[in-house]
Amino acid sequence: MSGNARYNGKESFDDWQKEWEIEDRYNFKSIEHKWQKIWEDEKVYKVEIDKSKEKFYALVEFPYPSGAGLHVGHPRSYTALDVISRKKRMQGYNVLYPMGFDAFGLPAENYAIKTGVHPAVSTRENIANFTRQLKSIGFSFDWDRSFATCDPEYYKWTQWMFIQFYKHGLAYKDKMAINWCPSCKVGLANEEVVNGCCERCGAEVVRKDKEQWMLAITKYADRLIDDLKEVDFIDRVRSTQINWIGRSEGAELEFDLTDNSGADLGKKMVVYTTRPDTTFGVTYCVMAPEHKFVAELMEKFENADEVQKYIEEAAKKSELQRTSDTTKTGVELKGIKAKNPYTGSLVPVFISDYVLTGYGTGAIMAVPAHDQRDYDFAKVFNLPIIQVLAGGDISEKAWEEDGLHINSGFMNGMDKKEAMAAAIKYAEDNGFGHAKVNFKLRDWVFSRQRYWGEPIPMVYCEHCGWQPIPEDQLPLKLPEVPDYRPNDNGDSPLANATDWVNTTCPKCGGHARRETDVMPNWAGSSWYFLRYCDPHNDKEFASKEALDYWMNVDWYNGGMEHTTLHLLYSRFWHKFLYDCGYVPQSEPYHKRTSHGMILAANGEKMSKSRGNVVNPDDIVNNYGADTFRLYEMFIGPFDQVAMWSEESLNGVYRFVAKVYSLFKKVYKTEPSENDLRAMHKCILEVTERIDQMKFNTAVSSLMTYVNYMSDLPKVPAELYAVLLKLLSPFTPHLAEEMWARMGYNTFIVAESWPKGDAKLAEDNVVTLGVQLNGKMRGTITIAKNADNKVAEEAALKLDNVVRQLNGKPVKKIIVVPNRIVNIVA
RNA sequence: GCGGGUGUGGUGAAAUUGGUAGACACGCCAGACUUAGGAUCUGGUGCCGCAAGGUUUAAGAGUUCGAGUCUCUUCACCCGCACCA
């Protein structure tokens, strides 16, 4: 311990307790204001690169600064990593724990449409409010590193990165059917569609053909799965990402299309299958209604009218209708057949909307005996079902388990592995197919037909095509527009800013038009953690030195809802920067954890419409930031949902107030053996439990320790000092205040974390349970690590044991040292 | 359908990973005290029973000297994904 000027030389604290005029009442308001001001004035949490220390980069997802202000859910994550950051600092790490704002997005724009207030203005106000709220809770953020993604100095680099994507061919413009939210009037990425609805407003998503900027995330699909091995993500995050990327291994096979007589039509229909080995069971093929061969061969179909009608109906269906109704519909393409390249047999070809145009090749070979969807379709159209895998009964449903191959020519008798290899080899040898890996993941639709986002730094020239704007002209700032409303055609409000739109081509100098779509709000958040490393750099997005020192993020906590959005996007984005040599590692985050949501007391989600939102300001005002923080940690297991309870909160308040008043009993006395045992137990438990994110039980340990001290007539100063240190990550204001009152003139946040001694924490007597035939019959208290004989004898002497034994002979006695004695009779 | 998870008192939850189930809190009950304070303090509190005792971790079976924990079966709930061939 250091700097204990007042404390030194005093036998008790009585004298100077008078000086401090200890108030009976725990006045959290004055304590918290006082320390928040001191921390801010003295920049206690400012960090710089310090190569003499090991760094620790803790990160929480930065909030969208909504007009509603902070939600009580936000501080759950922020407090957790604040606790970890503060502990790491005390353990000697150089800790970077930053905070900023993900400030582009629709609510600010919708607010502008309603009120006419420029999004930049309302966003700035909201950021000020969020900052005030965050500061009132006493987080140890380095505020000097704060920024918002809508700052031009920041989005300059977002735009610059987009240009790098473009230069490497990973940003491209494509016309395709995308998900369109008719309510937000904006195109959405696949990840933003939940159950066929817009994740933001819930409106049903429709398909719309639009020219869109795309980012080729699918090029990284393999690495996004494989590199999960290198990082320490909790299982549910890992498996959700793997599932979303959806890698499947199979083969692409060519089926020649013929007329009814078997004459070749010169079209090779490529199908994708994960089971090329079941090809002898193919009894028909299906193409998606949008498949290009359908239009190209229309005149060959005897039932062209019927086919045309089906295509039109399928196009009208929304994604939701198409996927929710799983009864099979379709139309046979009469007049054509597909030739099975393995067997040479001709099978009918259908179109059906159960085959998706965007996955695989948009065409399948159907094996109804071994695929339930194909089976259902075959039943509707009365098609033959040929079993090629032994073992199942296909009279009621498809046999989707494995079995040895039958009716399969050269594959007969083979198991799945063998037959797969044989089928692919046969296809390769005969030049009609090859192994192929497919993904569910689609490229990232990157254009948004809105205003409040980063302008896409591209211009279109009649002669030169799309051109990135020169990098020295970045940032390309958002222009002022008179009207923020998007229109139904799908044009961005920027399209109305004609002065801005019309520009010159950077290549030929001729007339050109700017891209008027903006980037999605996921753009700015894809690399913000890099900017924290060097936030004021105007030459680079961050210096190599800063990135080398701080990256990667050691511990990142955030919501599960971002697993297939922000978390996936930013990993992809970072890998691209890595491939370009701009960042030192290929994975941005080492450890990823996730917190559970906080629900209202009745288990419902907190929402304005339900009127059950708890405002953090009220809690800070009524109970204090320290109680609020501690309660958020005590509320329940960190990774599970928790329900807000004002009563529990009050219990935590009582504990905090108890710590305050306990100070009156603190004296400079030597701790007893028992005192030290309680202290070291607490140190060990709290240390371990913080690391494991078992915050609720870490708080329990602290409570047990305080209960122990409460029973003492005089609390030794050493015990109280250790309590303050252990408590300081949770309740930093109170810890700092009492630390000062003890006479230390240092910041407790700069003190070292106490070291627990397992030897001193050990009990010297233990109470063992005594069982008779596995049933608890009593307990014995004996010396720790006593000989088994001692335990046996004590156990056999127990009244209850004697009575229950009733003279029966003892067969054997099992003694687990310091745990239990079990007498078997 | 696939993937992940959860199930323990009136409530939120613990349980050293196979060894005294219910720590720590909330609530409740009884009492004390008071400069009526967000009071505080003391004792009690899984269930049945006056007690001895019995019984108890969603239900059932199994392994074991011993199971909340391991295995199997069943049920319930939550969260993702979903006609991805």
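Observations on the structure shown:
- Ordering A:204, A:319 by accessible surface, largest first, gives A:204, A:319; the 1.4 Å probe counts only protein heavy atoms, with every chain in place.
- Counted over chain A with a bin width of 20 Å, the fraction of Cα pairs per bin, in whole percents, is 13, 34, 30, 18, 5, 0.
- Taking the protein heavy atoms of chain A in the context of the full set of protein chains, the accessible area attributed to carbon and sulfur is 48 percent at 1.4 Å.
- Rolling a 1.4 Å probe across the protein heavy atoms gives region A:603-743 an accessible surface of 38 Å² per residue.
- Compared with the dominant Cα axis of chain A, that is its longest principal axis, helix A:235-245 is turned about 10°.
- Net charge, residue A:769 excluded, C-beta distance under 9 Å - Lys, Arg +1, Asp, Glu -1: +2
- Entries in A:292/A:339; A:114/A:440; A:300/A:425; A:43/A:759 that, when Cα-Cα distance is taken, lie over 30 Å: A:114/A:440; A:300/A:425; A:43/A:759
- Nearby aspartates and glutamates by direct alpha-carbon distance to residue A:309 (threshold 14 angstrom, same-chain neighbours under 8 apart not counted): A:290, A:332, A:353
- Most tightly packed first, judged by the mean number of other beta-carbon atoms within 10 Å of their residues, the peptides A:580-592, A:704-716 read A:580-592, A:704-716.
- 10 °C / 1.306 mPa s Stokes-Einstein diffusion coefficient of region A:89-235, Kirkwood radius on C-alpha pairs, µm²/s: 83
- 1.4 Å probe accessible area per residue over region A:208-248, in Å²: 47
- Exceedance of the 19 Å cut-off in Cα-Cα distance is limited, within the set A:436/A:575; A:268/A:436; A:681/A:784; A:55/A:88; A:229/A:416; A:37/A:87, to A:436/A:575; A:229/A:416; A:37/A:87.
- Separation in nanometres of the label points that stand 7 Å from Cα toward Cβ, at residue A:177 and residue A:131: 4.8
- Difference of contour (0.36 nm per residue) and Cα-Cα distance, residue A:759 to residue A:511: 81.3 nm
- Both radii are taken from the alpha-carbon atoms of region A:684-754; with Rh as the Kirkwood radius, Rg/Rh is 0.96.
- Ordered from largest to smallest accessible area (heavy atoms of protein chains, 1.4 Å probe), the residues A:332, A:462 come out as A:462, A:332.
- Computed across region A:508-632, the Kirkwood hydrodynamic radius from all distinct Cα-Cα pairs reaches 18.3 Å.
- Close amide H pairs (under 5 Å, H built 1.01 Å from N) link residue A:743 with no residue at least 5 positions away or on another chain.
- In this rough spin-label picture, where each label sits 7 Å from Cα along the Cβ direction, the residue A:313-residue A:91 distance is 6.4 nm.
- For the peptides A:127-138, A:796-807, residues were scored by their other Cβ atoms within 10 Å and the scores averaged per peptide; the highest-first order is A:127-138, A:796-807.
- Peptides A:777-790, A:161-174 ranked from most to least packed, by the mean per-residue count of other Cβ atoms within 10 Å: A:161-174, A:777-790.
- Convex hull (Cα only) mean projected area of region A:210-351, reported in nm² to one decimal: 11.9
- For region A:312-324, 3J(HN,Hα) computed residue by residue from phi via the Karplus equation (6.51, -1.76, 1.60; θ = phi - 60°) reads 5, 5, 5, 5, 6, 5, 6, 4, 5, 4, 5, 8, 7 Hz, glycine and proline entered as x.
- Applying the Karplus relation 6.51 cos²θ - 1.76 cosθ + 1.60 with θ = phi - 60° to region A:503-514 yields 3J(HN,Hα) values of 8, 10, 6, x, 8, 9, x, x, 5, 8, 10, 6 Hz, where x marks Gly and Pro.
- Karplus-derived 3J(HN,Hα) values for region A:416-428, using 6.51 cos²θ - 1.76 cosθ + 1.60 with θ = phi - 60°, are 4, 4, 4, 5, 4, 4, 5, 5, 5, 4, 4, 5, 5 Hz; glycine and proline are entered as x.
- Whole-Å semi-axes of the ellipsoid equivalent to region A:480-560 (Cα gyration tensor, √5λ, descending): 35, 20, 10
- Filtered GluC sites (Glu not before Pro), region A:470-536: DSSP coil and at most 13 other beta carbons within 10 Å: A:480
- Distant-in-sequence amide contacts of residue A:212, defined by a placed amide H-H separation under 5 Å and a gap of 5 or more residues or a different chain, comprise A:174, A:175, A:176.
The values are calculated or read from the model by the stated rules, or taken from the named source; none is laboratory data. Computed from a predicted structure; not experimentally measured. For neighbour counting, all protein chains shown are included, and Cβ atoms are generated from backbone atoms with ideal geometry for every residue, glycine included. Surface areas here come from the heavy atoms of the whole protein model, side chains and all, with no ligands, DNA or RNA. Shrake-Rupley method; radii C 1.70, N 1.55, O 1.52, S 1.80 Å.
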